[in-house]
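Just so you know, all these numbers are worked out from the coordinates, no wet-lab data involved. What you are looking at is a predicted structure, and each value in this text was computed from that prediction instead of being measured. Virtual Cβ from ideal backbone geometry, glycine too; neighbours counted across all protein chains shown.
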Amino acid sequence: MHWRIAMIKQYTNINNLDMVGKIEEDIKNIFLSNNKEKTLEHSINVAKTSVIIAEKYSLDRRICEIAGYLHDMSAIISPEDMLQYARCNHWYIDEAEEKYPFLLHQRCSVELAKEIFNIKDNNILEAIGCHTTLKLNPTPYEMTLFIADKLSWDQEGRPPFYDLVKEELDKSLYHASLAYMNYIIDNKLILYPHKWFIEGKQWLEEFINKIGN
């Protein structure tokens, strides 16, 4: 019989954390109480970048902002626990996720967003769920978070693909997403291509070719 473990109870230590009911403050407290200062900084930057992209493409800025704040919240869980959770709940596990379980963080963050913040908006949840890999036929909200996550990466300095992706972003979300994907493939910066990444890249290539740009 299929059964589901509540991730917050099984794998986190935030059950006794006081929540004030404001996403910005609560996610800050969650990250800081788990010694994830760098993830907090990254998430704040992604939220800000997401809002800029949202305004550029007339998307709901609050949806994009919330997705940015919450997209990496499963960083408080170890990759090993993510893999255990996925197996216990009978998820499809990609070869890339088996080899590098931290890739599951995008899907685990969806579970925490629902359990901790009671997020029900599919635009938010689906964007979080593929923000690392993207996927086939992505929505504007999914591409916005995907791009914002890359432009606001959690490493030192400016990303080497920053100018390229920003330039393509002036064309469309589709062009910017594909530009990043092509860059990391061409420069051998991807550890192990996820099925969703491969499918998403192929879909974007076909879509952009179809519209003739």
- Note the per residue figure in Å³ for the convex hull of the C-alpha positions in the range 162-207. 63
- What translational diffusion coefficient, in µm²/s and rounded to a whole number, does the Stokes-Einstein relation yield for the range 89-172 at 20 °C and a viscosity of 1.002 mPa s, taking the hydrodynamic radius as the Kirkwood radius over Cα pairs? 151
- Message: If you wrap a convex hull around the alpha carbons of the range 25-77, what volume per residue comes out, as a whole number of Å³?
- Response: 57
- Using Cα pairs closer than 8 Å and at least 6 residues apart in sequence, work out the relative contact order for the range 120-213, in percent. 31
- Message: Sort M7, M73, M82 by Cβ crowding within 10 Å, fewest neighbours at the top.
- Response: M7, M82, M73
- At the level of C-alpha centres, the distance separating the range 185-209 and the range 35-90, in angstrom, is 21
- Query: Percent relative contact order of the range 91-174, based on C-alpha pairs within less than 8 angstrom and at least six residues apart?
  - Reply: 20
- Message: At a threshold of 8 angstrom on Cα-Cα distance, excluding pairs fewer than six apart, so keeping six or more, what relative contact order does the range 34-102 reach in percent?
- Response: 28
